[in-house]
Structure formats: C-alpha cells, structure tokens
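Since every read-out is calculated from the coordinates, none of them should be taken as a lab result. The structure displayed is predicted, hence computed values, not measured ones. Cβ: placed from backbone, ideal geometry, glycine included. Neighbour counts: every protein chain shown.
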Amino acid sequence: MIYLFLGQYKKASQKAIGLVDALVKKQPDASVLKFNVENFDSKNIGDLIAIQGLFFSKNVIVLSKIFDDAENKEVIVKSLADIQASQNIFIFIEESLDKKSLEKFEKFSEKIQEVKGEEKKTKMPFNMFSLTDALGRRDKKNLWLLYREALKKGAAEEIYGILWWQMKTLLIVKRAKNAADSGLKPFVFSKASDFLRNFKEDEIEKKAFDLVKIYHNSRRQSAEMEISLEKWILGF
C-alpha cells in the first residue's frame, strides 16, 4: 500500500506523521522504519518490500525526500507495482514530482495528498506620506489613525513637516493659475487641485495658519507638538 504526500515539506511531513500515528494506533505491534536521502539505498528496496516484522506482518516505511537523489527516484518509480503489492505500508513525502512520475504514483497509490504551504504575507513598511492623501481627502478618521501609527515610526516634528508640506502645496495650487504658474510638477498640481474640492473657500488658509501656530507655540517640544497636532487633526 502506497501513500504519497506532496507539497510544502513541513506541512506534508505533519500530514504523514498523522497517518503514521493513526496506523500505529490501530496496530501497536507494527514497526515504523524511517529513511531519508542520506540513509536510503535504492538497492535495498527489494528487502523493504519483502521484510516482515517479528510480531506483526506489516511495517510502516516512511521515505522522506529520497527523490532528491535521481537514482532513488528512478528505481522507486519502476518498482511501484511491487511496492503496492507488498504487505508493508509505504509513505512517501516529497515537495514535488515530475508529471510522468506523478502519473505512475496515481496508478498505484492508495492516496495522494498535495499540501500547499501558506502564502507569506509581507507587511508593507509604513509610508509617512500616506498622511498627505488622507489630509487631502479630508478623511479625518483615517488621518487620525495614520497619525497615531506615524508616531510609532517617527517624531512629531517629522510628521508636522509632512502635514505642512501638503498644506503649503494646497495653498500654492489655490493661488496659482495653472501648473506652470505654481512651479509644481503637473501630477502634484493635478492631485492637489482635486483635493481642494474638499475644502471651503477660506478653510485652507485657516488650517494652514493654525498649523504654523502649532510650530511656534511648541518651540520644538515634541510632547506639546504631538498633542497639538492631534487636536488639529480632530478639528477637521
């Protein structure tokens, strides 16, 4: 009898171990023989097929990644019919198999289970300039959440500089006739122009003035600036 576990090695091994435990639970006298590419010799496959336990006729034979050796794979694939007919149970654990070999296993195996590993989720680094878009959209809730996150990554003075850059850009665009007149890159000008629609006529000047006051009043005391910036954001 043949079982094949394919895929992410750690997870495939866990599945195989689960099967071994279940088999041994049913037949406590069965012997479990384990082999890998370092201690397996394909010349001994005939012995493994024929060997029987002293107290129990079946052995559970686990072969982990033995196909890393090309000769092992060639011999095993040719011997699958005999392995299937053996009194012993053969459990193979491999990360992958070529199509031809897999087709042979499909013909002779009791069960083939492919185990897919979990995709690693890569956490993107926090981008301080994400605050500028939230500010431009006048998304107070998201701006505040981003602000709290930004405080974990940098000082209040750095965050102030980013927020001031956006307010200054909005002021420039508001007073300019076109992109060329503003001195800004066309993309920056166009984006800021879209953001201006989220503010009333005099709001940009007022919010910019309040931001400047925060800078002067804080006198570069980070704790005071941190609180003042938070109030400024919540006032949007």
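Sequentially through the stretch 213-218, phi angles give Karplus couplings (6.51, -1.76, 1.60; θ = phi - 60°) of 4, 4, 4, 6, 5, 6 Hz, Gly and Pro residues having no value and appearing as x. The magnitude of the dipole of the chain, with charges of +1 and -1 set on the Cβ of Lys/Arg and Asp/Glu and taken from the Cα centre, is near 1260 debye. Sequence-distant or interchain residues sharing an amide H contact under 5 Å with Asn36, placed H: which? Sorted by chain and number, the residues that satisfy this are Ser64.
With a cap of 12 neighbouring Cβ atoms within 10 Å, and only residues DSSP puts in a loop, list the trypsin sites (Lys or Arg not before Pro) found in the stretch 175-236. Display every interim value, and only then the final one.
Details: sites: Arg175, Lys177, Lys191, Arg197, Lys200, Lys206, Lys207, Lys213, Arg219, Arg220, Lys231; in loops: Lys177, Arg197, Lys200, Arg219, Arg220.
Answer in residue order: Lys177, Arg197, Lys200, Arg219, Arg220.
Between Lys11 and Val188, residue separation times 0.36 nm minus the direct Cα-Cα distance comes to 58.8 nm.
Dipole orientation for the chain: of the candidates Leu102, Val173, Ala81, Val173 has the Cα lying most toward the positive pole (charges on Cβ; Lys, Arg +1; Asp, Glu -1).
Taking 22 Å as the cut-off for C-alpha to C-alpha distance, list the pairs among Lys34/Lys99; Lys15/Lys111; Lys152/Lys174 that go past it. Intermediate results must be reported in sequence, preceding the final value.
Values: Lys34/Lys99 26 Å; Lys15/Lys111 12 Å; Lys152/Lys174 33 Å.
The pairs that break the limit, which is 22 Å between Cα atoms, are Lys34/Lys99; Lys152/Lys174.
Can you give the Rg to Rh ratio for the stretch 2-115, taking only C-alpha atoms and Rh from Kirkwood? Can you show the working numbers first?
Numbers: Rg = 13.1 Å, Rh = 14.1 Å.
Taking Rh as the inverse mean 1/r over Cα pairs, Rg/Rh reads 0.93.
Think of each Lys and Arg Cβ as +1 and each Asp and Glu Cβ as -1; about the Cα centre, that makes the dipole of the stretch 60-189 roughly 1460 debye.
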